[in-house]
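The values are calculated or read from the model by the stated rules, or taken from the named source; none is laboratory data. Source: prediction; values computed, not measured. Ideal geometry is used to build each Cβ from the backbone, glycine not excepted, and the neighbour counts take in all protein chains shown. The accessibility values were calculated without ligands, DNA or RNA, using every heavy atom of the protein model including side chains. Shrake-Rupley method; radii C 1.70, N 1.55, O 1.52, S 1.80 Å.
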Amino acid sequence: PQETSARSLGRTIKSSKQYLQQVVAEYEALDRELPCIRKFSTPPATQPLCLCMETSEDFTHLEVLEALEAQLPGAMESGRVSSIRFENMNVICGTAGRRDRWLITVADFQTRSRLLRSGLSPRGLPHQLVRHDDLQLGDYRLHLRRLLV
């Protein structure tokens, strides 16, 4: 009986070890696949009037403002655009090689729709705008996937 228990214990330890090796391998594969994932302590709040321009170019706030003014003359003065904010994703994620984000908060859905259709062209370089909520949701899903592993 003791010998049988020892064998089943040996199998249990071996299968536990194999399972642990599998989990570690999955985690390492995820690290290679997704090396820089933004972490969240709570689900991100929705910001339906916030748009995002991802870029690897080093634009200034003035260049982004000028690109906005080309699409919406008097955008800031009229209040149709309430803020332009820069997010350095490499600092947030503690990595290198991520594209930076410019967050543009608008006053209404009509302005948001217009900018989503037109995009922006700082320094004449065309960039598509996307809803910031869509990007945040994607980042949050990756965060949850990492937590599950």
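Looking only at residues in region 104-143 that are part of a helix (DSSP H, G or I) and without any contact (Cβ under 8 Å) to a residue 24 or more places away in the chain, the one that is surrounded by the fewest Cβ atoms within 10 Å (Cβ to Cβ) is 124. I'd like to know if region 36-49 contains one or more residues that are modelled with pLDDT of 70 or more, farther than 19 Å from residue 136 by Cα and open to solvent by 70 Å² or more (accessible area, probe 1.4 Å). No, because not a single residue in region 36-49 is modelled with pLDDT of 70 or more, farther than 19 Å from residue 136 by Cα and open to solvent by 70 Å² or more (accessible area, probe 1.4 Å).
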